[in-house]
């Protein structure tokens, strides 16, 4: 009898696979990592390293010793992404043990309790971040000021973020035009010469990573564009209504975690809808929630919460928003 | 040339691999034995009208298509019927097959062997359809639907366009490409005949842009023939799928569950047009066809092959199988079937044979679905393969039906693109079978 391989069609496959996609995201995160190391120095590098190593180690331990699975998936790169994104969402001064606990929550709770890659309903890095924000509110909102190429681990000068300045100032009754004088220039915000979470500071570096991912077809334009445009339009309308009370749309695009969120977090395949139409609605939802939280919520920043809430909505979007069907009515 | 058109929804672009595009059609010698399966077209198997021991001539009717959807089968060779027995075919199953020990050709009376170009169409519409039926012509693009059935326009419907499929969007295959280059004029006359049969005055030939020479060649020839237009199409798989082709060429959408005639179109393959030409002008039944044999690192070609020739004969002609051959495919890499044996014969629907060596023969490792949605974005029918896979897995047939699993054209784009290597099409096929059974059991 013959010994030919039998399998159903198709007999050829696209070169892209899960590993290549995941590692592609890792490469896309490198510019933002380099910028954060440049502006925050050695602490940024160490924080990132702790996050990545602990995420990978936790994934290994859980799969190997708790699930007793022979098939450990740490090589697929998804744990590395979670580690990187988690580190990008915290101040570089975060104590190492808090970072490790955050990693455990991200991998152990948000990812592995649901069965690992592909099965988690919420973005693990965001769950980890929100957990840390609630558990360690002081450390999570103590923002080191930039000190290019610093190697010091102790002498850190801290200051508020742009979003914090605006939020608190407005609550004290100050006008926006006064507050904007205390905010870094838009050029600095674009390049990353500002205080903030590790990987959020440079819109430029994040956009570069986004372009790489678009080129490699890891993400499509639908979520980032609808997310960013919604924030731009929504804050633009508010700003037009009352420029003394609401910051301008460019500020909202450059401040905080919007770019990182829109390009790297909201686009997480596992936790976002599967069809383009639903993805656009998902992006719009993220945008609206981000602005609502930033402008009227208790926190100066709303990206993490907005995306997590929309993660919860994803199954409903998948169920109700259907792609256009050929020959359908 | 006019701009390239395409269908709007989904699609992928696999590596083309058209290695044999420059190789002229060669005539494959008649093998020692031919194996002619009784089931070569969509519909009911044909009924043999000869017996063991009979001597048959080339082109002689040997099995009748008696059901409405069925087709006549003719002997592709002269020789003695050795037996009517079961023989393995491309499906992998043993099917009733007429096995003939061959001799040098002696043609059935009435078949003209003087193949001079004959553009004069003398038969009437009814005579054309009758002749097409008699001569056992079926769709040669792969689906093998009996052509006379397609040409018989149902009551109350009217054809406006004859669409000619010269797309050949499957990677590797070049049989239609070569036919268009070498038998262009014959194909155009065949199209004129088909136009007369369905009473339309417009025909559009769709050809994918990786065959520029064919587009130019036929465009030039078509100037002589009234009502025939050639349209270049963007490189996108599955451009050659009937519904996608109609959408691209005349921007009409065949409704779910309906046939092309619903939107005034009849679609025929270029190979079919050529077979119709031969049947009408020379009385020649469908007893041979062009087959591409190809593969990476395989010195293939395009051959005119008698129906029933075991593919081993084609392989031998090309110097035998490479040592590390692991998979043999009947058809293209996207929709073709993996073969169990090289004893499988060429049938009316065999457009190509592919020889795959080790690294290409195996599927990707299967990962967990990461819900990337690529399968959804490439589905040319606008279905959600990721959802259908889950429904089939959970045996939720009811919902699989309401999610239009039956609309799947089995093009394989979803599995092709899936980065997690999930066997999406396998699952959908399984579900389609089950759902079809359920629909049939309801008695319409």
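The values are calculated or read from the model by the stated rules, or taken from the named source; none is laboratory data. Since we're looking at a predicted model, the values are computed, not measured. Glycine gets a Cβ as well: all are built from the backbone with ideal geometry, and neighbour counts include every protein chain shown.
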Give the number of residues within segment B:300-313 that are in a helix (DSSP H, G or I) and crowded, with 24+ Cβ neighbours inside 10 Å.
0
I'd like the residue in segment A:260-287 that is crowded, with 24+ Cβ neighbours inside 10 Å, more than 14 Å from the chain's Cα centre (by Cα) and part of a helix (DSSP H, G or I) and, out of all such residues, is farthest from the other protein chains (Cβ to nearest Cβ).
A:282
For residue B:112, indicate whether it is away from every other protein chain (no Cβ under 14 Å), assigned to a strand (DSSP E or B) and at pLDDT 90 or above.
no
Report whether or not residue B:340 is out of contact with any strand residue (DSSP E or B) (no Cβ under 6 Å at 6 or more places or on another chain), over 30 Å from residue A:321 (Cβ atoms) and at the interface with chain A (Cβ under 7 Å from one of its Cβ atoms).
yes
Taking residue B:285 as the residue in question, decide whether it is in contact with a helix residue (DSSP H, G or I) (Cβ under 9 Å, 6 or more places away or on another chain), crowded, with 19+ Cβ neighbours inside 10 Å and either more than 8 Å from chain A (Cβ to nearest Cβ) or under 23 Å from residue B:24 (Cβ atoms) (or both).
yes
Of the residues that make up segment B:354-363, is at least one in contact with a strand residue (DSSP E or B) (Cβ under 7 Å, 6 or more places away or on another chain), crowded, with 24+ Cβ neighbours inside 10 Å and at the interface with another protein chain (Cβ under 9 Å from one of its Cβ atoms)?
yes
Filtered residue count, segment B:393-415, keeping only those that are free of Cβ contacts under 8 Å to residues at least 60 places away in the same chain and either more than 30 Å from residue B:326 (Cα to Cα) or in contact with a strand residue (DSSP E or B) (Cβ under 7 Å, 6 or more places away or on another chain) (or both):
11
Across segment B:319-353, which residue is farthest from the chain's Cα centre (by Cα) among those that are buried (at least 24 other Cβ atoms within 10 Å of the Cβ) and without any contact (Cβ under 8 Å) to a residue 40 or more places away in the chain?
B:328
Looking at A:27, A:38, A:65, which one is more than 20 Å from residue A:304 (Cα to Cα) and modelled with pLDDT of 95 or more?
A:27
Residue A:297 - would you say it is away from chain B (no Cβ under 14 Å), surrounded by fewer than 22 Cβ atoms within 10 Å (Cβ to Cβ) and either over 18 Å from the mean Cα position of the chain (by Cα) or under 22 Å from residue A:199 (Cα atoms) (or both)?
yes
Report the residue count in segment A:208-255 for those that are under 20 Å from residue A:282 (Cα atoms), in contact (Cβ under 8 Å) with a residue 60 or more places away in the chain, within 16 Å of the chain's Cα centre (by Cα) and in a loop (DSSP other than H, G, I, E, B).
1
Top-ranked residue of segment A:105-130 - restricted to ones that are more than 18 Å from residue A:266 (Cβ to Cβ) and surrounded by fewer than 18 Cβ atoms within 10 Å (Cβ to Cβ), ranked as modelled with the lowest pLDDT:
A:115
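Being at pLDDT below 95 and crowded, with 24+ Cβ neighbours inside 10 Å narrows it down to one residue among B:190, B:240; which is it? Steps first, please.
Details: B:190 fails: at pLDDT below 95.
From the options B:190, B:240, the qualifying one is B:240.
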Please work out if residue B:305 is at negative phi and more than 14 Å from chain A (Cβ to nearest Cβ).
yes
Unique match (being part of a helix (DSSP H, G or I), more than 30 Å from residue A:195 (Cβ to Cβ), more than 12 Å from chain B (Cβ to nearest Cβ) and touching a helix residue (DSSP H, G or I) at 6+ places or on another chain (Cβ under 7 Å)) among A:313, A:291:
A:313
Scanning segment B:1-51 for residues that are closer than 26 Å to residue B:319 by Cβ and assigned to a strand (DSSP E or B), the one nearest to the other protein chains (Cβ to nearest Cβ) turns out to be B:35
Testing residue B:367 on (1) in a loop (DSSP other than H, G, I, E, B); (2) more than 7 Å from chain A (Cβ to nearest Cβ); (3) in contact with a helix residue (DSSP H, G or I) (Cβ under 8 Å, 6 or more places away or on another chain), one condition comes back false. Which one is that?
(2)
Does residue A:6 fit the bill of being within 14 Å of another protein chain (Cβ to nearest Cβ), outside any helix (DSSP H, G or I) and touching a residue at least 24 places away in the same chain (Cβ under 8 Å)?
no
Would you point out the residue of segment A:9-30, among those that are at the interface with another protein chain (Cβ under 10 Å from one of its Cβ atoms) and part of a helix (DSSP H, G or I), that is surrounded by the most Cβ atoms within 10 Å (Cβ to Cβ)?
A:18
For segment B:245-264, name all the residues that are without any contact (Cβ under 8 Å) to a residue 40 or more places away in the chain and more than 8 Å from chain A (Cβ to nearest Cβ).
B:251, B:252, B:259, B:263
Within segment B:229-244, how many residues turn out to be away from every other protein chain (no Cβ under 11 Å) and either without any contact (Cβ under 8 Å) to a residue 24 or more places away in the chain or part of a loop (DSSP other than H, G, I, E, B) (or both)?
5
